[in-house]
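These notes are about the structure you will find just below.
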Amino acid sequence: MGKPQAGATPKARKPSERTAAHDNALTTLPVAMTGRASPAKAAVGDKPVFAYISSLPQPQRSIAERVDALAAETLPALQRSVKWGMAWYGVGDGWCFACGGFAGHVKLTFGRGTSLTPVPPVAPVGMGKDSRGVDLESVDDIDERQLASWMEQAAALPGFGKR
């Protein structure tokens with residue numbers, strides 16, 4: 001899959017499309033990548049998020065590293081935390097979005113995603129009715145302009161969940 005054109009919305013994928021191509025290549029997945037919460041301990045700050053990201057296998061690690069770097073470039077007052085087995089990002093009084101590694105992809109989820117323009121295509125299970133996001137299978141799937149726009153929009157909304 002090539003890099004999406006500027007302004008293009010990443011394609012939503014069915015679970016079978018995300019994992020079928022990878023099933024033969026993967027042997028044992030970390031718990032975080034099987035659809036359940038990661039064993040990463042909840043902790044506030046950059047260090048636990050960097051540790052979580054470095055624990056991911058490739059290509060998920062490279063994807064999460066790029067998302068993290070883009071968040072830092074886009075949001076100067078960025079705060080990080082590990083919660084519910086994923087990296088969480090916020091500014092101000094609450095969280096804006098989460099980034100977590102799973103089998104075959106990284107899920108980037110915006111807590112108030114239905115308020116973003118355009119609305120991200122994926123409605124993640126168990127993340128709340130207003131949550132929307134994208135599934136990224138490679139660094140090439142990252143449309144930096146679109147993700148940065150969503151990050152800025154999410155940061156301008158009231159945060160969800162208290163720190």
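Within the range 107-128, one or more residues are outside any loop (DSSP other than H, G, I, E, B), in contact with a strand residue (DSSP E or B) (Cβ under 6 Å, 6 or more places away or on another chain) and either under 17 Å from LYS47 (Cα atoms) or basic (Lys, Arg) (or both). PRO124 falls short of the stated requirement of being open to solvent by 10 Å² or more (accessible area, probe 1.4 Å) and touching a residue at least 24 places away in the same chain (Cβ under 8 Å). Checking the structure you have, find out if any residue of the range 57-73 is touching a strand residue (DSSP E or B) at 6+ places or on another chain (Cβ under 6 Å), modelled with pLDDT under 95 and either open to solvent by less than 60 Å² (accessible area, probe 1.4 Å) or assigned to a helix (DSSP H, G or I) (or both). Scanning the range 57-73 turns up no residue that is touching a strand residue (DSSP E or B) at 6+ places or on another chain (Cβ under 6 Å), modelled with pLDDT under 95 and either open to solvent by less than 60 Å² (accessible area, probe 1.4 Å) or assigned to a helix (DSSP H, G or I) (or both). Within the option set ALA77, ALA103, being more than 23 Å from ASP141 (Cα to Cα), open to solvent by 10 Å² or more (accessible area, probe 1.4 Å) and touching a helix residue (DSSP H, G or I) at 6+ places or on another chain (Cβ under 9 Å) holds for one residue only, ALA77. Candidates are the residues of the range 129-145 that are within 19 Å of GLU73 (Cβ to Cβ) and part of a loop (DSSP other than H, G, I, E, B); the one that is farthest from the chain's Cα centre (by Cα) is ASP143. For the range 6-21, check the following and say yes or no: at least one residue is open to solvent by 80 Å² or more (accessible area, probe 1.4 Å) and at pLDDT 50 or above. No: zero hits.
In this structure, does ARG132 turn out to be among the basic types (Lys, Arg), in contact (Cβ under 8 Å) with a residue 40 or more places away in the chain and open to solvent by 50 Å² or more (accessible area, probe 1.4 Å)? Judged against the criteria, ARG132 is not a match.
For ALA98, indicate whether it is closer than 19 Å to ASP141 by Cα, in a strand (DSSP E or B) and modelled with pLDDT of 95 or more. Yes.
Within the range 145-162, residues that are among the hydroxyl-bearing types (Ser, Thr, Tyr) have Cβ atoms under 9 Å from residues that are at pLDDT 85 or above and open to solvent by less than 40 Å² (accessible area, probe 1.4 Å) in these pairs: SER149/THR74; SER149/LEU116, counting only partners at least 6 apart in sequence or on another chain. Taking the range 27-56 as the range and being open to solvent by less than 30 Å² (accessible area, probe 1.4 Å), modelled with pLDDT under 80 and either over 17 Å from ALA98 (Cβ atoms) or not in a loop (DSSP other than H, G, I, E, B) (or both) as the test, the residues that pass are ALA32, MET33.
The values are calculated or read from the model by the stated rules, or taken from the named source; none is laboratory data. A quick note: this is a predicted structure, and the numbers were derived from the prediction, not measured. Backbone-built Cβ (ideal geometry, glycine too); neighbour counts: all protein chains shown. All accessible areas refer to the heavy atoms of the entire protein, side chains included, with ligands and DNA or RNA removed. Shrake-Rupley method; radii C 1.70, N 1.55, O 1.52, S 1.80 Å.
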